[in-house]
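Data first, discussion second: the structure below is written as structure tokens.
The values are calculated or read from the model by the stated rules, or taken from the named source; none is laboratory data. Source: prediction; values computed, not measured. Counting neighbours? That spans all protein chains shown, and the Cβs are built from the backbone with ideal geometry, glycine included. SASA here: full protein model, heavy atoms, side chains in, ligands and nucleic acids out. Shrake-Rupley method; radii C 1.70, N 1.55, O 1.52, S 1.80 Å.
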Amino acid sequence: QVRLVESGGGLVQAGGSLRLSCTAAGSTFRFSDIGWYRQAPGKQRELVAGITVSGSTNYANSVKDRFTISRDNAKNTVSLQMNNLKAEDTAVYYCNRAGTWWSWGQGTQVTVSS
């Protein structure tokens, strides 16, 4: 089983930036399509960005042109650069495989103050 570890969240003012990181042990991670998800209080978890093994990316409309997902397969890491953050981006952010999920990590809290 893959153990996911998310980091990099914090408190930031609207318009600011944060960079989230997702790491996992094992080769399964580097051979999987990975997504960044978020869950705000009282809302369902949603996919905000995804990246394939080959590096193709896709984004939710709400974050397009503000968030950038990338991966470093040598380091088993997938990152999410978040710019021009808005209050509505406040959520716990998680990474996981796109498709059939592994067990969820603890996530990392992102709080954007307006």
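Some notes on this structure:
- Within the stretch 56-114, being of a type in the set (Gly, Ala, Ser), in a loop (DSSP other than H, G, I, E, B) and in contact (Cβ under 8 Å) with a residue 40 or more places away in the chain holds for ALA98, GLY99, SER103, GLY105, GLY107, SER114.
- Total residues in the stretch 3-23, condition buried (at least 17 other Cβ atoms within 10 Å of the Cβ) and touching a residue at least 60 places away in the same chain (Cβ under 8 Å): 7
- Residue in the stretch 49-60 that is exposed (fewer than 14 other Cβ atoms within 10 Å of the Cβ), of a type outside the set (Ser, Thr, Tyr) and touching a helix residue (DSSP H, G or I) at 6+ places or on another chain (Cβ under 8 Å) present: yes
- Enumeration of residues in the stretch 97-113 that are touching a strand residue (DSSP E or B) at 6+ places or on another chain (Cβ under 9 Å), surrounded by fewer than 13 Cβ atoms within 10 Å (Cβ to Cβ) and of a type in the set (Ser, Thr, Tyr): SER103, SER113
- Residue among GLY99, GLY107 that alone is on the phi > 0 side of the Ramachandran plot and modelled with pLDDT of 95 or more: GLY107
- Taken over the stretch 27-44, the residue count meeting the criterion of being within 16 Å of LEU4 (Cα to Cα) and either in contact (Cβ under 8 Å) with a residue 60 or more places away in the chain or outside any strand (DSSP E or B) (or both) is 10.
- Once the stretch 66-96 is narrowed to residues that are modelled with pLDDT of 95 or more and among the basic types (Lys, Arg), the residue that is least open to solvent (accessible area, probe 1.4 Å) is ARG66.
- Residue count for the stretch 5-26, restricted to those that are in contact with a helix residue (DSSP H, G or I) (Cβ under 8 Å, 6 or more places away or on another chain) and part of a strand (DSSP E or B): 1.
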